[in-house]
1. Say whether the condition of being closer than 15 Å to Lys63 by Cα, at pLDDT 95 or above and polar (S, T, N, Q) is met by at least one residue in region 205-223.
2. Which of (1) surrounded by 17 or more Cβ atoms within 10 Å (Cβ to Cβ); (2) under 19 Å from Ile70 (Cβ atoms) is the odd one out, the single condition Ser190 does not satisfy?
3. Any idea which residue in region 188-213 is nearest to Ser53 (Cα to Cα), counting only those that are in contact with a Ser or Thr (Cβ under 9 Å, 6 or more places away or on another chain) and assigned to a loop (DSSP other than H, G, I, E, B)?
4. Across region 165-185, which residue is nearest to Leu51 (Cα to Cα) among those that are crowded, with 21+ Cβ neighbours inside 10 Å and of a type in the set (Val, Ile, Thr)?
5. Among the residues of region 82-126, write down those that are closer than 19 Å to Val57 by Cα and small (Gly, Ala, Ser).
6. Just for region 68-86: of the residues that are surrounded by 22 or more Cβ atoms within 10 Å (Cβ to Cβ) and not aromatic (Phe, Trp, Tyr), which one is farthest from Thr174 (Cα to Cα)?
7. Free of Cβ contacts under 8 Å to residues at least 60 places away in the same chain and of a type in the set (S, T, N, Q): is that true of Ser96 in this structure?
Amino acid sequence: MLKKWLMASAVGIAMLFAAFSAGIPGLPGADTHVAKAASQLPNGIGGRAYLNSTGSVFTAKIKLPDTIQINNATAYIYSGFRAKNGTESDIGLQYSTLYKVWKPLMKVGAKNEETYIEGKDQFTNHKGFRPGSTVQMTIYKNMNGNTRATFWGTNNEGYTGRIIMEIQGTNVGTLLKWKTLATAAVSSESQRSSIKADFSASFTNITIDQKAVTPVVDTQDFAKVVPSGNNVKICVKK
C-alpha cells in the first residue's frame, strides 16, 4: 500500500512540474532559469548576467549579431525579471531560421499570449528585426496590471519603427532582480549534446528606472559573458 502511494505521489508531482514548466516552445520554463547552479543552463547553452535592481522599467539597446550559426536549437537574446513571489519573465527576441529575422516574444510566469498594441504587421509573421541591426528594448514590469515591452528598430524590409506588446493580467509585484541572456535552447535536456551554435549579442546602455546598472556574470555555459560598465557582451559558441 505504501509503495503504491509513493508511486502515485511521484507521478502527481511530475505532472505538476510539467504543467508549470510549459511555455514558449524551445525556451526553458520560466522557473528553470534559476533552478540550477551557475555552471549550466537547463535545456540549452548560453550566457547570463544578473542585474541587482528591483526597479520597474528596464531599458537597453541590443546589438544583434551580423551572422549566426544555429543548428538543432533555437537562438534567443532576451531580458526579463524575477519577482519576489517567484514569477519569472522572459522578454526579448527569438531567431527565425526560416525568415532570417529576430522576432519579439514575451513570457511572464505561465502566460505567453501577447496582445499587440502597435507594429504587429511590421515585426511578426515573416517580418522581424534585421540581423546586425540595433534594437532598443524597454520593459515595464507592471503597467495597469499588465507587463509591457516596446522594441524599436529596423525590420528585414527596411522599415524603421516600433512594436508594442504586452501580456495582460500579470499583476507583477516586488522584484528581486533583472537579467540579460543569449542562449541556444532545446525542448529537452537529451537534445543538449546536439546543439551547434555560434553567435553573440551586446546589451548596451542598460538602465533600470533611468539609472545605469552594472551586469554581474552568472552563467557561462559554452559562452563568454563580458560586462563593462552598464553594458554586457555575451558570446555563445559550441
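The values are calculated or read from the model by the stated rules, or taken from the named source; none is laboratory data. All figures in this text were calculated on a predicted structure; none of them were measured in a lab. Heads up, the Cβs are rebuilt from the backbone with ideal geometry, glycines too, and the neighbour counts pull from every protein chain shown.
1. Scanning region 205-223, I find at least one residue that is closer than 15 Å to Lys63 by Cα, at pLDDT 95 or above and polar (S, T, N, Q), so the answer is yes.
2. All conditions pass for Ser190, except number (1).
3. Ranking the candidates gives Val213 first.
4. Thr180
5. The answer is Ala83, Gly86, Ser89, Gly92, Gly109.
6. Ala73
7. Answer is yes for this residue.
Conditions tested, residue by residue: (1) within 20 Å of Ser202 (Cβ to Cβ); (2) in contact (Cβ under 8 Å) with a residue 60 or more places away in the chain.
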| position | (1), (2) |
| --- | --- |
| Thr87 | no, yes |
| Trp102 | yes, no |
| Ala110 | no, yes |
| Lys127 | no, no |
